[in-house]
Amino acid sequence: MNNHNPTEVYAARDEIDATLVQSMLAEAAIEARVVGGQIMGAVGEVPAGLPSAPRVWVAGGNAAEATRLIRKMEEKRRETWQQDMQAENEKDSGEAIAGLRTTSADLRTWECQGCHERVTVDFELCWNCLQPRISDSSAGSLTTDF
């Protein structure tokens, strides 16, 4: 890298992020250096966060192109993150709907002939009066509460 007029173009979250940016710039034939990555090991003595974050520097003449490429990379990351979040939300919604279907099936009930209480099919005795469920069709209807 031409050391005349070096310019900081990126403050990374961590050394891995800085190295990824450096590699992306290298693919575009822009030489870049990661500065300050070793300071992350001193967390506790040096405040963590932006002041101690590794930085990516390029020669001043490459700063505009490097910044443009970094913005493009960040936009792609944002789009990917949004797609991942949408897919996760759709998955969660699908699981919730499947859970509702399972729950709805569990809400099938029978009517107690003694007290007319609605009892879920999981129980053979009415929870209100303890009368057993009668299985013949004249004993009461089996319904589904949705």
Entirely in the range 53-145, the strands (runs of 3 or more DSSP E) that have 3 or more residues that are modelled with pLDDT of 85 or more and touching a helix residue (DSSP H, G or I) at 6+ places or on another chain (Cβ under 9 Å): 55-59
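Give the residue, chosen from 29, 42, that is assigned by TED's automatic domain parsing to the domain that holds residue 76, more than 21 Å from residue 77 (Cβ to Cβ) and modelled with pLDDT of 95 or more. Spell out how you get there, then give the answer.
On the way: 42 fails: modelled with pLDDT of 95 or more.
Selected residue: 29, the only one of 29, 42 that is assigned by TED's automatic domain parsing to the domain that holds residue 76, more than 21 Å from residue 77 (Cβ to Cβ) and modelled with pLDDT of 95 or more.
The values are calculated or read from the model by the stated rules, or taken from the named source; none is laboratory data. Here the structure is a predicted model, which means the values were calculated and not measured. Glycine gets a Cβ as well: all are built from the backbone with ideal geometry, and neighbour counts include every protein chain shown.
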